Amino acid sequence: MHEATAPFPLDGDTAETWYRIDGDLRPDDPDAPAPLVVLHGGPDVPELGRLGHPAIREALLEHPPTLVVCGHCHWKEPLATLANGTQVVNVDSRLIVLRGAGA
């Protein structure tokens, strides 16, 4: 597990968002299991009109597909898939339960 904050540009200034990664980001190993990425503020998804942070989307697109759980930005529909196959679940004001396969 890795937990930290990451800077991103916001209205000509620099802000920070919290994140946590459970699992290993191994971009050179296409057979590696996808990690779970938990973010305070999530990526934008412009093609769906979903608000968020472009810098976070761009960073996620540089890695193999993963599952992202985020909040903070209010999306009417809580699910989106980025161009690289990363699935984003925006849990803002929602409860979700994740279970492993066969659980």
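The values are calculated or read from the model by the stated rules, or taken from the named source; none is laboratory data. Nothing here was measured: the structure is a model prediction, and the numbers come from that model. Cβ atoms come from the backbone with ideal geometry, glycine included; neighbour counts cover every protein chain shown.
Observations, loosely collected:
Each row is one residue, and each column tells you yes or no for (1) out of contact with any strand residue (DSSP E or B) (no Cβ under 9 Å at 6 or more places or on another chain); (2) without any contact (Cβ under 8 Å) to a residue 60 or more places away in the chain.
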{"site": "Pro7", "(1), (2)": "no, yes"}
{"site": "Val45", "(1), (2)": "no, yes"}
{"site": "Ala55", "(1), (2)": "no, yes"}
{"site": "Pro64", "(1), (2)": "yes, yes"}
{"site": "Leu67", "(1), (2)": "no, yes"}
{"site": "Asn84", "(1), (2)": "yes, yes"}
{"site": "Asp92", "(1), (2)": "no, yes"}
{"site": "Leu98", "(1), (2)": "no, no"}
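- Top-ranked residue of the stretch 51-91 - restricted to ones that are in a loop (DSSP other than H, G, I, E, B) and among the β-branched types (Val, Ile, Thr), ranked as farthest from Leu10 (Cα to Cα): Thr66
- Given (1) under 16 Å from Arg20 (Cβ atoms); (2) in a helix (DSSP H, G or I); (3) of a type outside the set (Lys, Arg); (4) over 11 Å from the mean Cα position of the chain (by Cα), number of the condition Ile96 does not satisfy: (2)
- Checklist (1) assigned to a loop (DSSP other than H, G, I, E, B); (2) in contact with an Asp or Glu (Cβ under 7 Å, 6 or more places away or on another chain); (3) exposed (fewer than 15 other Cβ atoms within 10 Å of the Cβ) applied to Thr5, failing item: (1)
- Residue that is surrounded by fewer than 17 Cβ atoms within 10 Å (Cβ to Cβ) and within 9 Å of the chain's Cα centre (by Cα), where the choices are Leu60, Leu36: Leu36
- Boolean, Trp18 is on the phi < 0 side of the Ramachandran plot, touching a strand residue (DSSP E or B) at 6+ places or on another chain (Cβ under 6 Å), surrounded by 11 or more Cβ atoms within 10 Å (Cβ to Cβ) and outside any loop (DSSP other than H, G, I, E, B): yes
This table checks each residue for (1) among the aliphatic types (A, V, I, L, M); (2) at pLDDT below 90.
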{"residue": "His53", "(1), (2)": "no, yes"}
{"residue": "Leu60", "(1), (2)": "yes, yes"}
{"residue": "His72", "(1), (2)": "no, yes"}
{"residue": "Trp75", "(1), (2)": "no, yes"}
{"residue": "Thr81", "(1), (2)": "no, no"}
{"residue": "Ser93", "(1), (2)": "no, yes"}
{"residue": "Val97", "(1), (2)": "yes, yes"}
{"residue": "Gly100", "(1), (2)": "no, yes"}
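- In a residue-by-residue description of the stretch 21-34, the property of being touching a helix residue (DSSP H, G or I) at 6+ places or on another chain (Cβ under 8 Å) and of a type outside the set (Phe, Trp, Tyr) applies to no position.
- Unique residue being among the acidic types (Asp, Glu) and either modelled with pLDDT of 85 or more or in contact with an Asp or Glu (Cβ under 9 Å, 6 or more places away or on another chain) (or both) when the list is Asp13, Asp22, Asp28: Asp13
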